[in-house]
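The values are calculated or read from the model by the stated rules, or taken from the named source; none is laboratory data. Keep in mind that what you see is a predicted model, and the values were worked out from it rather than measured. All Cβ positions, glycine included, derive from the backbone under ideal geometry; neighbour counts span all protein chains shown.
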Amino acid sequence: MPKYSIKRIDPWRLLIPRQEGMHVDALIYADDRINIEADAISQTVDAAKLPGVRRVLATPDIHVGYGVPIGSVVGLDGYIVPAAVGYDVNCGMRFINTPLMAKDVDHVLLAQSFRRDIPLGEGKDNIKLTGKDLRKVLNHGLKGCLEIEVPDQRLQGIRDREEEKQDMIRSEDEGSMEGDMGFVSKEAIERGCKQFATLGGGNHFVELQVVDTVYDHEAAKAFDIEKGRFIIMLHSGSRGFGHQVGGDYMKLATKLNGDNSPTRHLAFLEVDSNEGQSYIKAMRTAANFAYVNRQMMTAYIRANMRHYYPGIELPIIYDVPHNMAKPEKHEGQMLWVHRKGATRAFPKSRMKGTIYEGLGQPVLIPGSMGTASYILLGTETSEESLNSVNHGAGRVMSRSAAKGKSRRRKSGAIERNGLVSEAAFEKAMEGIYLICADPKSIYEEAPQAYKDIDVVIDIVVGAGLAKPVARMKPLAVLKG
């Protein structure tokens, strides 16, 4: 692997100066406590070689991804790159607030209750939509969801349309993009139509949390949270539907432009081409799927919460994607801003006309399932990062390294022990109630497999990209 010149320009930033085919410099937000894989640096450099590239940066959770690192932001003029969005289009975070104090809540009972209604793990089905209902939600997201009756008796008569309208205004894009299911494949529709209200596998979760620390009391009051409050965090995306959409268009981009791209994994489409426009419409359709998927899981969570605590208000604080590409104006220029494993963090000035115009955009960042999560606010000084921050802690070891690997040969089973032992895992999860779909794979998501979230947040705050509002600790975790 080639060695690249890297300069530290301050305690929070590393610069990869333009070199070896790069069209722009690349910026990495990291201090000396963050270990960055050589392959992740190489992928960041590759992104700086794309046509039309104007900005490339990586957030503190940077680690190797497909085409570009997880934790990357790429601003392009006239081009769009499916791999820089990823397979799980609009994978995102949602916080659901409660009026309850954690000390008064049976979080084990609630976690078990949520588990009965929300399937965990890969390949699971739950709510199936067809015909006009499917078209409405895929083409219009949460706006379309308001117009349908979910075909599940558990939710009949329970959904509150006025509450769901409030969810819309507390979601990025109001949870509704201009989608068109005519630009997604039959395979995507077949994979996705039965997967609404499912969590998925990997790092997706439902987490029951307690507010541990409040940093900004004025903002916390605006969010109606306080120390000791019980809240719920949800992380999921577009499931098999989005995976198929991403894969279909990555193949198309590679077929058309793979030979002219920095790598065949980082193939581009011209925004104004038929293929580029098709991908944009398909991507937005997958984004709508993800918004509705999180909304339907929220409906189950609310139904279960109100079964045990009747009549309580359960507003969402915000719903934010972290695998998307959007046209945004930065420093007077329109760019297609690709955020892969990165979260938009708009300041007050870019939230005018929304419910949060007086605060700035809420930024929702989880750690691992055994560590803290954060609510932050976007700042006016984040233009340097295209108003973007990280989406989580970021991995420090691969899934196979964490859990180990086994395979079969004629001589028998050959195993490689994982780096996370059973004793170490149990110690890291001490005091946290865990429900998981696959006990054999859960070590992939061990806290030890991730960076220290407090260090990551320290970098984000030190670099002036966001300011902290509150820190939460997990009480119970549901994992795929």
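Taking the criterion of being under 18 Å from Glu37 (Cα atoms) and aliphatic (A, V, I, L, M), the residues of region 1-23 that qualify are Met1, Ile6, Leu14, Leu15, Ile16. The residues of region 37-55 that are crowded, with 20+ Cβ neighbours inside 10 Å and closer than 20 Å to Ala393 by Cα, listed by number, are Ala40, Ile41, Gln43, Thr44. Can you report the number of residues in region 174-204 which are buried (at least 23 other Cβ atoms within 10 Å of the Cβ) and among the hydrophobic types (A, V, I, L, M, F, W, C)? Qualifying residue count, region 174-204: 6.
Apart from one condition, Tyr443 fits all of (1) farther than 23 Å from His63 by Cα; (2) assigned to a helix (DSSP H, G or I); the exception is (1).
Set side by side, the residues Glu357, Glu331 differ, and just one is more than 13 Å from Asp173 (Cα to Cα), without any contact (Cβ under 8 Å) to a residue 12 or more places away in the chain and not aromatic (Phe, Trp, Tyr), which is Glu357.
Output yes when any residue across region 25-35 is more than 24 Å from Lys451 (Cα to Cα) and either in contact with a Leu (Cβ under 8 Å, 6 or more places away or on another chain) or of a type in the set (A, V, I, L, M, F, W, C) (or both), and no when none is. Checking region 25-35: at least one residue is more than 24 Å from Lys451 (Cα to Cα) and either in contact with a Leu (Cβ under 8 Å, 6 or more places away or on another chain) or of a type in the set (A, V, I, L, M, F, W, C) (or both). Residue by residue through region 241-260, note down the ones that are under 19 Å from Leu76 (Cα atoms) and buried (at least 22 other Cβ atoms within 10 Å of the Cβ). Scanning region 241-260 gives Gly246, Tyr249, Met250, Ala253. Gly276 passes every criterion in (1) out of contact with any helix residue (DSSP H, G or I) (no Cβ under 8 Å at 6 or more places or on another chain); (2) small (Gly, Ala, Ser); (3) surrounded by fewer than 19 Cβ atoms within 10 Å (Cβ to Cβ) apart from (3).
Of the set (1) in contact with a helix residue (DSSP H, G or I) (Cβ under 8 Å, 6 or more places away or on another chain); (2) hydrophobic (A, V, I, L, M, F, W, C); (3) over 27 Å from Pro60 (Cα atoms); (4) surrounded by fewer than 17 Cβ atoms within 10 Å (Cβ to Cβ), all apply to Ala423 but (1). Residues Tyr318, Tyr300, Tyr356: which one is over 26 Å from Pro82 (Cβ atoms), aromatic (Phe, Trp, Tyr) and either more than 22 Å from the chain's Cα centre (by Cα) or part of a helix (DSSP H, G or I) (or both)? None of the other options fit; the residue is Tyr300.
Across region 145-170, what is the number of residues that are basic (Lys, Arg) and surrounded by fewer than 17 Cβ atoms within 10 Å (Cβ to Cβ)?
3
Out of Ile16, Ile9, Ile62, I need the residue that is under 30 Å from Phe205 (Cβ atoms) and either aliphatic (A, V, I, L, M) or free of Cβ contacts under 8 Å to residues at least 40 places away in the same chain (or both). Which one?
Details: Ile16 fails: under 30 Å from Phe205 (Cβ atoms); Ile9 fails: under 30 Å from Phe205 (Cβ atoms).
That would be Ile62, the only listed residue that is under 30 Å from Phe205 (Cβ atoms) and either aliphatic (A, V, I, L, M) or free of Cβ contacts under 8 Å to residues at least 40 places away in the same chain (or both).
Taken residue by residue, region 229-248 has no member that is modelled with pLDDT of 95 or more, in a helix (DSSP H, G or I), within 23 Å of Ala40 (Cβ to Cβ) and of a type in the set (S, T, N, Q).
Screening region 371-420 for strands (runs of 3 or more DSSP E) wholly inside it with 2 or more residues that are surrounded by 15 or more Cβ atoms within 10 Å (Cβ to Cβ), at pLDDT 85 or above and of a type outside the set (S, T, N, Q) returns the ranges 373-378. Look at region 396-425: where a residue is acidic (Asp, Glu) and a partner is modelled with pLDDT under 70 and in a strand (DSSP E or B), sitting 6+ places away or on another chain with Cβ atoms under 9 Å, you get Glu415/Ser406; Glu415/Arg407. Annotation: of all residues in region 8-61 being farther than 22 Å from Leu269 by Cα and of a type in the set (S, T, N, Q), the one that is modelled with the highest pLDDT is Thr59.
In region 56-71, of all residues being of a type outside the set (Ser, Thr, Tyr) and surrounded by fewer than 22 Cβ atoms within 10 Å (Cβ to Cβ), the one that is nearest to Trp12 (Cα to Cα) corresponds to Val64. Among the conditions (1) touching a residue at least 24 places away in the same chain (Cβ under 8 Å); (2) over 21 Å from the mean Cα position of the chain (by Cα), the only one that Asp32 does not satisfy is (1). Yes or no: region 80-91 includes at least one residue that is assigned to a strand (DSSP E or B) and hydroxyl-bearing (Ser, Thr, Tyr). No, there is no match, as no residue in region 80-91 is assigned to a strand (DSSP E or B) and hydroxyl-bearing (Ser, Thr, Tyr). The C-beta contact set for region 232-259 (first residue without any contact (Cβ under 8 Å) to a residue 40 or more places away in the chain, second residue surrounded by 24 or more Cβ atoms within 10 Å (Cβ to Cβ), distance under 7 angstrom, 6+ apart or interchain) comprises Thr254/Ala267; Asn257/Ala267; Asn257/Phe268; Gly258/Ala267.
Residue under question is Gln156, and the condition is that it be touching a Pro at 6+ places or on another chain (Cβ under 7 Å) and on the phi < 0 side of the Ramachandran plot; does it hold? Before the answer, list the steps.
Working: touching a Pro at 6+ places or on another chain (Cβ under 7 Å): no; on the phi < 0 side of the Ramachandran plot: yes.
Considered against the rule, which asks whether it is touching a Pro at 6+ places or on another chain (Cβ under 7 Å) and on the phi < 0 side of the Ramachandran plot, Gln156 comes out as no.
Residues in region 287-301: is at least one modelled with pLDDT of 95 or more, aromatic (Phe, Trp, Tyr), within 27 Å of Pro468 (Cβ to Cβ) and crowded, with 24+ Cβ neighbours inside 10 Å? Yes; the residues of region 287-301 include at least one that is modelled with pLDDT of 95 or more, aromatic (Phe, Trp, Tyr), within 27 Å of Pro468 (Cβ to Cβ) and crowded, with 24+ Cβ neighbours inside 10 Å. All conditions but one from (1) buried (at least 23 other Cβ atoms within 10 Å of the Cβ); (2) more than 19 Å from the chain's Cα centre (by Cα) apply to Ile457; the one that does not is (2).
Please tell me if Leu335 is crowded, with 18+ Cβ neighbours inside 10 Å, more than 17 Å from the chain's Cα centre (by Cα) and outside any helix (DSSP H, G or I).
Working: crowded, with 18+ Cβ neighbours inside 10 Å: yes; more than 17 Å from the chain's Cα centre (by Cα): yes; outside any helix (DSSP H, G or I): yes.
So Leu335 passes the test.
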